[in-house]
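Visitor: The structure follows.
Please treat every number below as a calculation from the coordinates, not as lab data. Quick caveat, the model's predicted, so the values are computed rather than measured. Because the Cβ atoms are built from the backbone with ideal geometry, glycine has one as well, and the counts that use them run over all protein chains shown.
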Amino acid sequence: MRNIILIGFMGVGKGSVAREVVKNSDYIAIDTDDLIESMENKSIKKVFADDGEEYFRALEYKLSKWLESSVQNTLISTGGGFYKQKNLKEIGIVVFLNSPFDKILKRIKAHPNSASKLKKRPLLADMKKAKELYNERLPEYLALADVVIDVTNKSAMDCSKEILKKVKKYA
C-alpha cells in the first residue's frame, strides 16, 4: 500500500472522506493542517495571523519532506494549498476531490458547525477572493491528480469506495 494524498479546495470534504477511507481499509489517516497545528501549538488561523501565509507555506514544506521520508501506508488529508509541494508525487498517489465552488460553500453552510468551519478557514473570509483562488487552483489540482473524484452530491462513504477502487492500479 502506498500513501494516498487527498488534495482539493478547502471545505470540499477531505477530512470526512479520509475518515471513511480509514473505516473501509487498512490505512490510517493524518491531516497536514492538524500536524502543523501540533508543530506550532496554535491554530492555522493564528499561524496566518501571527506569522503570515509565507511562514505557513514553509511549515507545509517542512512537513512534506517528513512525510516523504517517514510515512507509509497512510491516507494524508491536506490543507487546500498543500498541493503546491514539489514532492507530492514522491509522497504518494494524489487524489483530487473535486466539486464546484458553490457546492463547496453550500456543503460548509449546511454543516451543523458552519460558523466554526468558516471561521477556521482564513482564506474564506472574502468570498470574492476565495472564488478567484478556487478558479486559480482548479487547473493546478487537475494537472497534479493521479485520480479525480467528483464529490458533488456523493456521500463520504461513496467517495471512499471510489477512491479505494481507483488507487488499486497504483499499488
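Visitor: On full extension of the chain, what length is gained from K165 through M127, given 0.36 nm per residue of separation minus the C-alpha to C-alpha distance?
Guide: Working: separation 38, 0.36 × 38 = 13.68 nm, distance 3.48 nm.
Length gained, K165 through M127: 10.2 nm.
Visitor: On to the next question. To check you understand DSSP bridge types, tell me what percent of the beta bridges within the chain (both residues inside) are antiparallel, rounded to 5. Show your work: numbers first, answer last.
Guide: Working: 0 of 15 bridges.
Bridges in the chain are about 0 percent antiparallel.
Visitor: Between Y55 and M157, with labels modelled 7 Å along Cα→Cβ, what's the label distance in nm to one decimal, could you check?
Guide: Rounded to a tenth, the inter-label distance reads 4.4 nm.
Visitor: I want to check the label-to-label distance for E136 and S69. Put each point 7 Å from Cα in the C-beta direction and report it in nm to one decimal.
Guide: The modelled label-to-label distance comes out at 3.1 nm.
Visitor: May I ask which of K46/K106; K129/K169; K65/K166; K65/K128 have a Cα-Cα span longer than 28 Å here?
Guide: Values: K46/K106 25 Å; K129/K169 37 Å; K65/K166 26 Å; K65/K128 33 Å.
Checking Cα-Cα distances, K129/K169; K65/K128 exceed 28 Å.
Visitor: Report the far tail of the P(r) of the chain, meaning the percent of Cα-Cα pairs longer than 25 Å. Mind showing how you got there, number by number?
Guide: Details: 3990 of 14535 pairs.
Result: 27 percent of Cα pairs exceed 25 Å.
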